[in-house]
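The values are calculated or read from the model by the stated rules, or taken from the named source; none is laboratory data. Being a predicted model, the structure only gives us computed values, none of them experimental. Cβ coordinates were reconstructed from backbone atoms using ideal geometry, including for glycine residues, and neighbour counts include every protein chain displayed.
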């Protein structure tokens, strides 16, 4: 194993931690910006179509958070396969790191212990609250129908992202194990 392996391991664990902290900070900042935009829209621009403005803040916030989480998970699966599932009795090149395996086992036995990593329930509730900016000005039925479309589309996107997140670990583990075997076969 290359001598830079301990440094790579530490750098990748740091990348996971950094992405996790950034994800939480972005979520908080995004929800604060959304509340400000929603209040401004309801008070200063009380027309149903204006509800798209705060909705776009929610969408942008979610789209900033989503790749951070997916990337951190992918790095974690890389570490699990290439460092924790090593050739020396199950240990990788370091002295038996086991964070990724332990976290997966712990998470499976205590679902929901840490909240939702993509904040999907919060985004769904915020989307429903955002629809108040459509309802409060007293819109026509057609306006309600048209404005329900982007709100519903975002909720569908949240559901799809949640489903993808729930299958990512197994998919990434399988792919990294395949890559590891392919690399071994070429040597």
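Brief remarks on what is shown
- Residues in region 166-187 that are closer than 29 Å to residue 119 by Cα and either in contact with a helix residue (DSSP H, G or I) (Cβ under 7 Å, 6 or more places away or on another chain) or not in a helix (DSSP H, G or I) (or both): 168, 169, 172, 173, 176.
- Test set (1) modelled with pLDDT of 90 or more; (2) surrounded by fewer than 15 Cβ atoms within 10 Å (Cβ to Cβ); (3) more than 27 Å from the chain's Cα centre (by Cα) - residue 50 fails condition number: (2)
- Residues in region 26-47 that are over 22 Å from residue 135 (Cβ atoms) and crowded, with 16+ Cβ neighbours inside 10 Å were compared, and the one that is farthest from the chain's Cα centre (by Cα) is 30.
- Among the conditions (1) out of contact with any helix residue (DSSP H, G or I) (no Cβ under 6 Å at 6 or more places or on another chain); (2) in contact (Cβ under 8 Å) with a residue 40 or more places away in the chain; (3) part of a helix (DSSP H, G or I), the only one that residue 79 does not satisfy is (1).
- Within region 20-52, the set of residues being free of Cβ contacts under 8 Å to residues at least 40 places away in the same chain and more than 20 Å from residue 119 (Cα to Cα) comprises 39, 40, 43, 44, 45.
- Meets criteria (in a helix (DSSP H, G or I), surrounded by 14 or more Cβ atoms within 10 Å (Cβ to Cβ), in contact with a helix residue (DSSP H, G or I) (Cβ under 7 Å, 6 or more places away or on another chain) and at pLDDT below 90) for residue 70: no
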